[in-house]
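Q: I'd like to ask you about the structure that follows.
The values are calculated or read from the model by the stated rules, or taken from the named source; none is laboratory data. All figures in this text were calculated on a predicted structure; none of them were measured in a lab. Don't worry about glycine lacking a Cβ; one is built from the backbone with ideal geometry, like all the others, and counts go over all protein chains shown.
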Amino acid sequence: MNVGIITIFPEYFEGVVKTGMIRKAIENNLLDIVFENPRNYATDRYKSVDDYPYGGGSGMVMKYDTLKQAIENARAKVSGPVIYMSPQGTPFHQAYAKDLAKEEGFILVCGRYEGIDERLMSIVDEEISIGDYVLSGGEPAAAVVLDAVVRLIPGVLGDENSLSEESFEHNLLEYPQYTRPSHVDGMDVPDVLLSGHHGNIARWRLKERLKRTLVKRPDMLKDIHLSQEEKELLAEVKKEILETLSMLGV
Ligand code: SAM
């Protein structure tokens, strides 16, 4: 996959490309990242990439010409959608990450200041927000999108099975995980996980996924089509919760 990142702060990504899974994906030729800095296309002596907003108001706006040139240069090397990182964009989620992982590539445009000249939207295909808050620049948002997508590229993670039960797969959160030691600070690993009985472990994990989702993210259960086994497990979970509540007198 080829990814273009348009940023006036390419140094922000120095740690990102040298760390963990993204570093490995680059080393294994599964990922190539092209950086384009709008400042390189500025022609004035101050290398300006921003200017005052028409109509007045506080802050500066990223200029059309330098940003457009950077995007077009990236486009010559990277195919796929041009995506502007924006608090006004479509909320980013796992299904979006999966769709992007199927692309040959994409270009992430990092805004700064008060944002970009609106006319640049004529060359932007999509807008992504990573949450309902305002960052000072698109770089952290681009790093989030890059990480979430790259781990879904076939071959990037050692064990692709690990993706199939992760949070948001089948609209459920992941089950609890434990590692050695089996006893620590008075707390034990659930017996079933030490039993070696694969069927019981799978059933316990599915039940825990349903329980966690019901407790932490009940909204996710609205859009799920439950199998017969899942319906039965969810009924067990509900019964257990009600029993606990009545035991507590709540
Ligand atoms: N004035 C803009 C507004 O109110 O919509 C916010 C500009 S923000 C200070 C600067 C840049 O940070 C934006 O151009 C965008 O690229 C990026 N950004 C800020 N919050 C973001 C978010 N939640 N998701 C994605 N990008 C974000």
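Q: Which of the numbered conditions does R112 fail, given that it passes all the others? Conditions: (1) assigned to a loop (DSSP other than H, G, I, E, B); (2) in contact (Cβ under 8 Å) with a residue 60 or more places away in the chain; (3) surrounded by fewer than 20 Cβ atoms within 10 Å (Cβ to Cβ).
A: Going through (1) assigned to a loop (DSSP other than H, G, I, E, B); (2) in contact (Cβ under 8 Å) with a residue 60 or more places away in the chain; (3) surrounded by fewer than 20 Cβ atoms within 10 Å (Cβ to Cβ) one by one, R112 breaks only (3).
Q: So for the range 92-115 (the condition being within 23 Å of Y52 (Cα to Cα) and in contact with a helix residue (DSSP H, G or I) (Cβ under 6 Å, 6 or more places away or on another chain)), does at least one residue qualify? Don't jump to the end; show me each part of the working.
A: Narrowing the range 92-115 to residues within 23 Å of Y52 (Cα to Cα): 109-115.
From what's left, in contact with a helix residue (DSSP H, G or I) (Cβ under 6 Å, 6 or more places away or on another chain): 110.
So far as the range 92-115 goes, yes, one or more of its residues are within 23 Å of Y52 (Cα to Cα) and in contact with a helix residue (DSSP H, G or I) (Cβ under 6 Å, 6 or more places away or on another chain).
Q: So, one more: Restricting the range 116-125 to residues that are buried (at least 17 other Cβ atoms within 10 Å of the Cβ) and more than 10 Å from the ligand (Cβ to nearest atom), which is nearest to L146 (Cα to Cα)? Spell out the reasoning first.
A: Filtering the range 116-125 down to residues buried (at least 17 other Cβ atoms within 10 Å of the Cβ) leaves 116-117, 120, 124.
If we keep only those that are more than 10 Å from the ligand (Cβ to nearest atom) too, we end up with 117, 120, 124.
Details: D117: 24, L120: 22, V124: 18 Å.
Filtering first and then ranking leaves V124.
Q: While we're looking at this one, here's another question. Could you tell me whether any residue of the range 168-179 is modelled with pLDDT of 95 or more, part of a loop (DSSP other than H, G, I, E, B) and within 16 Å of the ligand (Cβ to nearest atom)?
A: From the range 168-179, those modelled with pLDDT of 95 or more are 172-179; that's our starting set.
Now narrow it down to the ones that are part of a loop (DSSP other than H, G, I, E, B): 172-179.
Of the ones still in play, those that are also within 16 Å of the ligand (Cβ to nearest atom) are none.
No - not one qualifying residue is present in the range 168-179.
Q: Could you grab me the full set of residues in the range 1-52 that are free of Cβ contacts under 8 Å to residues at least 12 places away in the same chain, outside any helix (DSSP H, G or I) and surrounded by 14 or more Cβ atoms within 10 Å (Cβ to Cβ)? Show your work before the answer.
A: First pass over the range 1-52, keeping only residues free of Cβ contacts under 8 Å to residues at least 12 places away in the same chain: 11, 14-15, 18-20, 23, 26-27, 29, 43-47, 52.
Right, trim to outside any helix (DSSP H, G or I) and you get 18-19, 29, 43-47, 52.
Result: K47, single match.
Q: Further, regarding this structure: Going by the conditions given, is G59 within 13 Å of the ligand (Cβ to nearest atom), within 19 Å of G138 (Cα to Cα) and either in contact with a helix residue (DSSP H, G or I) (Cβ under 6 Å, 6 or more places away or on another chain) or in a loop (DSSP other than H, G, I, E, B) (or both)?
A: Criteria met by G59.
Q: Going through Y113, Y96 one at a time, which residue ends up being under 19 Å from Y41 (Cα atoms), within 14 Å of the ligand (Cβ to nearest atom) and aromatic (F, W, Y)?
A: Y113
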